[in-house]
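Notes to accompany the following structure.
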Ligand code: FAD
């Protein structure tokens, strides 16, 4: 692996070329073509995976992404566009918006990416590795891949070299850093991508000029001529065929194999992409997309599939089960002093092993709706009005509460239904209560006093000073937050939101094996966040991208070992 990884550590041909030359609209692709690897979903995992599979030692790769290319959407290019992108999120399957809105059956609004780069093209850019313990499993008997930690580390480094930067921390983020330390979230760890107990600054995918770098940038590492990226290519199903009994060695081997995929372009034309002998289809369509595609392809709970009229290829009861989302709860204020826009840069990790909520913060400028605006004597009701808001939030790690995903219809472009069952496990609620108290302690720190505004008249305050308090936006903390568990638990339930770290649906040991192969099938894997039963570290994108690179290198090595080539030599891997 070391030789192969080293050989792939620079884009082919020296200076980093753009990846755009590999990208074409799906309408321009052939009706039926053959590839060694077909990667479905150009997101956090799919891009590094496709780039690696199309690199040295790899083969002919097709990457299919249902959304457009990031350059088409200027708001994605900067941190300032984050709020705008989310504000314009559109639930319609026909919309072109790079963020697709959906609501879980719990009633919590959410979004999913619909653009090349996936979540990394629309997210808050915070980058932090998983806790080393994450690689050893979660809970007794839980199955985990046999991670090769040397390859894990070099895969993280490969991603970091291209996409990550040390942020300049000031304003709200600097205040939160000081306040976390005052609230005893210690020690101070400075800037690090490692997941360690205490307060730290993590990396960001926004560079010093504020420009976003997404997983799509990694596609530049592919060798010219090997990678074909089709955008606005919505995969509707994996083609799964029975294996010829004569070719099937042993009754315990899978009886069916993936042989290709069907995808639809923006003009509703269907295309077929087929596998060459020894090839593989890899689903990297994300936590909603990958289980949805397995179900649409007849891999899932037989009864559910039959009731929707989908022919069953493999009765796999756990597809779409074990869906998790980390509950987020927080407090937002309108600060009394001007602050800059900042996405997540500083995090508080009270305990690195995931037994206590993580704390994160952001500040942003939001337009106020004309409907809510008092048209004062000097303000035109049509002139733009913006308000600065700052948030401190806590996220329950894990969590243990789980839900499921199911098809509301056999229409492949419709978002599936999902329920996360937030706080159905008391352990999660207990963690939220402790986490919300920590948010309150951070807000009570002396550092935060500067953001309080005067309320009431001077005579109302102590010693003739006007009382100063936070101007809270939305729900306020219960007055008895420090003593009453029930009222804080009620606050957790009432204000639960998402941090968009949902995961599960194709969990390792239930749907895929330790090598991410879909159990009961051949030539089909899932490589993305849907395979996780626990989110890695404070924020997942680092580990999802690492996983794409890691699995790409593993798969190339496997393919060559099947051909009995010595994988330790990069030269022998070259064709
Ligand atoms: P994705 O990155 O979502 O990729 C899946 C891709 O598959 C998408 O591009 C989708 O369009 C495509 N697809 C789906 N179905 C099909 C189909 N049928 N055919 C073709 N293509 C399909 N994480 C962090 O670490 N730090 C952060 O600051 C952060 N902030 C976030 C903010 C937001 C608003 C969001 C949404 C996420 C954030 N995350 C953050 C989470 C992180 O981005 C995701 O965990 C990560 O992107 C998941 O990677 P994935 O490869 O599993 O899926």
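The values are calculated or read from the model by the stated rules, or taken from the named source; none is laboratory data. Since this is a predicted model, take the numbers as computed values, not measurements. Virtual Cβ from ideal backbone geometry, glycine too; neighbours counted across all protein chains shown.
Observations on the model:
- Candidate set from the range 163-192 (those that are surrounded by 20 or more Cβ atoms within 10 Å (Cβ to Cβ) and under 20 Å from the mean Cα position of the chain (by Cα)); member that is nearest to residue 216 (Cα to Cα): 163
- You will find that of 478, 416, the residue that is over 30 Å from residue 405 (Cα atoms) and either modelled with pLDDT under 95 or surrounded by 15 or more Cβ atoms within 10 Å (Cβ to Cβ) (or both) is 478 and no other.
- Residue 551 vs. criteria in contact (Cβ under 8 Å) with a residue 12 or more places away in the chain and either part of a loop (DSSP other than H, G, I, E, B) or within 11 Å of the ligand (Cβ to nearest atom) (or both): no
- Residue match in the range 74-96 (condition: over 30 Å from residue 492 (Cα atoms), within 13 Å of the ligand (Cβ to nearest atom), in the same structural domain as residue 537 (by the TED database) and part of a strand (DSSP E or B)): no
- Selection from the range 37-72 of residues that are in contact with a strand residue (DSSP E or B) (Cβ under 7 Å, 6 or more places away or on another chain) and part of a loop (DSSP other than H, G, I, E, B): 41, 42, 43, 54, 59, 60, 66, 67, 69
- Of the criteria (1) closer than 27 Å to residue 260 by Cα; (2) modelled with pLDDT under 95, which one residue 37 fails: (2)
- Selection status of residue 137, assigned by the TED database to the domain that holds residue 556 and under 29 Å from residue 414 (Cα atoms): no
- Scanning the range 483-512 for residues that are away from the ligand (no atom under 16 Å from the Cβ) and touching a residue at least 24 places away in the same chain (Cβ under 8 Å) yields 485, 488, 489, 491, 492, 493, 495, 496, 509, 510.
- There is no residue in the range 488-498 that is in a loop (DSSP other than H, G, I, E, B) and either farther than 28 Å from residue 438 by Cα or out of contact with any helix residue (DSSP H, G or I) (no Cβ under 9 Å at 6 or more places or on another chain) (or both).
- Considering (1) at pLDDT below 95; (2) outside any helix (DSSP H, G or I), the lone condition that residue 571 does not fulfil carries the number (2).
- Any pair with Cβ under 6 angstrom, 6 or more apart, that starts in the range 411-422 at a residue that is closer than 11 Å to residue 288 by Cα and within 11 Å of the ligand (Cβ to nearest atom) and ends at one that is at pLDDT 95 or above and part of a loop (DSSP other than H, G, I, E, B): 416/407
- Inter-residue pairs, beta-carbon under 6 Å, first under 25 Å from residue 26 (Cα atoms) and free of Cβ contacts under 8 Å to residues at least 12 places away in the same chain and in the range 113-136, second near the ligand (Cβ under 6 Å from one of its atoms) and part of a helix (DSSP H, G or I), 6+ apart: none
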